[in-house]
Amino acid sequence: MADLDSHLSQALPGSRYHRRGALVLVASLTCLPWYGGTRASLASPVEKPAYRFALPQDVLALKCEWAQCVAFSPDGKKVFAGTNAGQLWIWELKKEAQPQRIQLTSGELLTGPVLSLAISPDGGRALAGCADYRVRLVDLATGQVIHVLEGHKCPVFSVAFCRDGRRALSGSSGSAGTASIFLWDLKTGKPLCRYETDQIVHSLALSPDEQRFLTPEFTSVQEWDLRSGERLRALKGHKGRIYGVFYSPDGKTIISGGFDAVRVWDVQTGQCLRTLGQGKFDAYHVALSPDGRRMLLGGIRKMHLLDLETGQELKRWEDRAAGFVRVALSPDGRYALSGEEDGSVCVWRLPEVKEAPPGK
């Protein structure tokens, strides 16, 4: 384990698989826990994750696997990764057990990837949006696919469970007439409603009362009525593509993040309350903490943790593996999860949340 970093630095220098190649040397090791402490500085390139899980790599055969989407279980004890090889990997934190591996698709180059992932509120099922236009509902105890949800005409980039676990939303890519959002009955596997959209649905968010939902549509935030499918309004102001949309836990604000900035909107008026990090983060993957106070932004080879109240950048991870960093936050808001294109899935300790002084 101690020599892993030196092996990584020597493997195929200058190539896309520079870091991936070294993982062949530890192919039999699927869980690499590191317990090194963290530094207090904003950017700490020598920091090691609390846990690191390695996906199988065979650089000589050009069979490299990496996470396209990542998630925590609702109790925070497991981490999940959906991969370009059509597989769902599940690791238990703090246990040196072999991971659970579930093959969901053929793994073919264009149709095989798992693009989006959500875990049911009870932790018993997973919803996987795939590049073959299908959504798969998986029983995590048995590893069996309960339903294959069909109806999308393009790859499925976002999925979300309703709180009761009986219904779910999924959104696909495409242009007008092919991009779509579905509301599903998970007991029957049949669609309850289909909504037409014009852009890639990178993100879905249900309001706390589950009467409305949000989607990004290029540079605007679209709010929908869940029952009627009517578009209620568009929140405009972003200058670049939006990749993540969220309601705050109290339902009073909407948060949107993407390539150009993070914006916080007033739910009642639709007015933008503040714009944070304009032109600074270049985020393609976005996660909101459960308390709604912090946002994790994943870009190309980097991550940023942002305080949504002050706009302060709390932490930065740079010089990650080549390509996009997929991100998620733990249910308690204490850990970040990254999926990186060297085949690693990492868990990172986050700075403690500072409580506001009394009276503020």
Open item on the list: Based on this model, can you work out whether residue 318 counts as acidic (Asp, Glu) and out of contact with any Pro (no Cβ under 8 Å at 6 or more places or on another chain)?
Closed with: no
- [ ] Would you mind stating whether residue 258 is of a type in the set (Gly, Ala, Ser) and either over 18 Å from the mean Cα position of the chain (by Cα) or under 29 Å from residue 342 (Cα atoms) (or both)?
- [x] yes
Task: Residue list for region 265-286, filter: of a type outside the set (Gly, Ala, Ser), part of a loop (DSSP other than H, G, I, E, B) and within 24 Å of residue 158 (Cβ to Cβ) - done: 267, 281, 282, 284
TODO: Report, by residue number, each residue of region 247-260 that is surrounded by fewer than 21 Cβ atoms within 10 Å (Cβ to Cβ) and modelled with pLDDT of 95 or more.
DONE: 248, 249, 250, 251, 252, 253
- [ ] Identify all residues within region 134-156 that are open to solvent by less than 70 Å² (accessible area, probe 1.4 Å) and assigned to a strand (DSSP E or B); write none if there are none.
- [x] 135, 136, 137, 138, 139, 145, 147, 148, 149, 156
Task: Matching residues, region 66-113, being open to solvent by 30 Å² or more (accessible area, probe 1.4 Å), out of contact with any Asp or Glu (no Cβ under 9 Å at 6 or more places or on another chain) and assigned to a strand (DSSP E or B) - done: 68, 92, 101, 103
Open item on the list: Pull out all pairs, ordered by first then second residue, where Cβ-Cβ is under 6 Å, the residues are six or more apart or on different chains, the first lies in region 178-205 and is at positive phi, and the second is open to solvent by less than 10 Å² (accessible area, probe 1.4 Å).
Closed with: 189/149
Task: Every pair of residues 6+ apart whose Cβ atoms lie under 6 Å, when the first sits in region 95-116 and is within 21 Å of residue 142 (Cα to Cα) while the second is among the acidic types (Asp, Glu) and surrounded by 15 or more Cβ atoms within 10 Å (Cβ to Cβ) - done: 105/132
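The values are calculated or read from the model by the stated rules, or taken from the named source; none is laboratory data. No experiment lies behind these values; they were computed from the predicted model shown. No Cβ is skipped: glycine too gets one built from the backbone with ideal geometry, and neighbour counts run over all protein chains shown. Calculation scope for accessible area: heavy atoms of the full protein, side chains included, ligands and nucleic acids excluded. Shrake-Rupley method; radii C 1.70, N 1.55, O 1.52, S 1.80 Å.
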